[in-house]
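The values are calculated or read from the model by the stated rules, or taken from the named source; none is laboratory data. Quantities reported herein were computed from a predicted structural model and do not represent experimental measurements. Counting neighbours? That spans all protein chains shown, and the Cβs are built from the backbone with ideal geometry, glycine included. Accessible surface is based on the protein model in full, side chains and every heavy atom, while ligands, DNA and RNA are left aside. Shrake-Rupley method; radii C 1.70, N 1.55, O 1.52, S 1.80 Å.
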Amino acid sequence: MPTENVQNITDSTSTLAADSVAAPVLHKAQYINGFPAPEGNDTATAHIDQMPMIEVPKGSNARTHNTSPLHDTGSMIMFLLSCLFLLTSYRLGRSYIANLGHYLFSPKGKDDLFAEHTSSDARIIIAMIANTCLMGGIMLYYGLLWYNPSLTIALQNSVFLHVLVLTLAMAIFVTLQLLLYRLLGYTFANDSLTDMWVQGFLASQAVLGLLLFPVAVITLVFPSTIKLMVTIAIILYILGRIVFICKGFRIFFNNLSSSIYFILYLCAVEIVPPLLALAGTVYVCSIL
């Protein structure tokens, strides 16, 4: 009996030992090509089309900033210096400003411009003519931008240089006109008539600068009005020339023969030179 028990125990132990060293169970690999995506397997993916969309802001292409005299330091310094010179000269030259209407319209002038006027009056005259030249230079700058778009890049790349050149061109043109009127008066009239004529010219240029000042400021601040403002500037210039021409006609017209000389004067002095000066200015700006 004990022998059988020992045998059974031995068999049981052998069986357990055999079971403990049995071969491991191998499982077949699944999802070799990735997990399947059946409908409803991933709720986030399944309902992503129903989620609120966020609009991604899109930027615009960079735009080149168009420079102008308003954004140019040199041009604004010239503008402010002109205003300062004009304001500081006003108090000392109030008598000349009070008589501008007389110098502009009356054919009965006074004595020589600098013989009667004081140095303070001469200072206000110079300040007002300088203001006219600068305002004219600024309006010429915008006029070239409007009438000759091919110069736009050159004008905007060197604003101060072009404004300075145009202002100097205005100053040279006014000076040459003054000398020409002096020469014509010396040749065809006496000193008294010549002085009245020159006084009318300087007064017309001074008033032109005052009228161009608000036009130039509006053009600087609101460049979109360039066409309208340049047109107004041209009209003001023409009106100023008409007033001056009428005064010259009243001074020098004596008889029918005088009208012939007056017509020649209009063609030779008042029409051709401004056109030549404008053409020369455009050419100079095109080569800068």
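Here are some conditions: (1) open to solvent by 20 Å² or more (accessible area, probe 1.4 Å); (2) under 22 Å from residue 139 (Cα atoms); (3) in contact with a helix residue (DSSP H, G or I) (Cβ under 6 Å, 6 or more places away or on another chain). Residue 206 meets all but one. Which one does it not meet?
Going through (1) open to solvent by 20 Å² or more (accessible area, probe 1.4 Å); (2) under 22 Å from residue 139 (Cα atoms); (3) in contact with a helix residue (DSSP H, G or I) (Cβ under 6 Å, 6 or more places away or on another chain) one by one, residue 206 breaks only (1).
Among the helices (runs of 4 or more DSSP H) lying completely within the range 132-247, list those that include at least 2 residues that are of a type in the set (S, T, N, Q) and farther than 19 Å from residue 281 by Cα.
Where helices (runs of 4 or more DSSP H) fall fully within the range 132-247 and carry at least 2 residues being of a type in the set (S, T, N, Q) and farther than 19 Å from residue 281 by Cα, they are 191-221.
Considering each residue of the range 65-101, count those that are surrounded by 15 or more Cβ atoms within 10 Å (Cβ to Cβ), among the small types (Gly, Ala, Ser) and closer than 30 Å to residue 154 by Cβ, and give that number.
Of the residues in the range 65-101, 3 are surrounded by 15 or more Cβ atoms within 10 Å (Cβ to Cβ), among the small types (Gly, Ala, Ser) and closer than 30 Å to residue 154 by Cβ.
Given (1) surrounded by fewer than 15 Cβ atoms within 10 Å (Cβ to Cβ); (2) more than 29 Å from the chain's Cα centre (by Cα), where does residue 185 come up short, assuming only one miss?
Every condition holds for residue 185 apart from (1).
Please determine whether any residue of the range 188-195 is of a type in the set (A, V, I, L, M) and buried (at least 19 other Cβ atoms within 10 Å of the Cβ).
no
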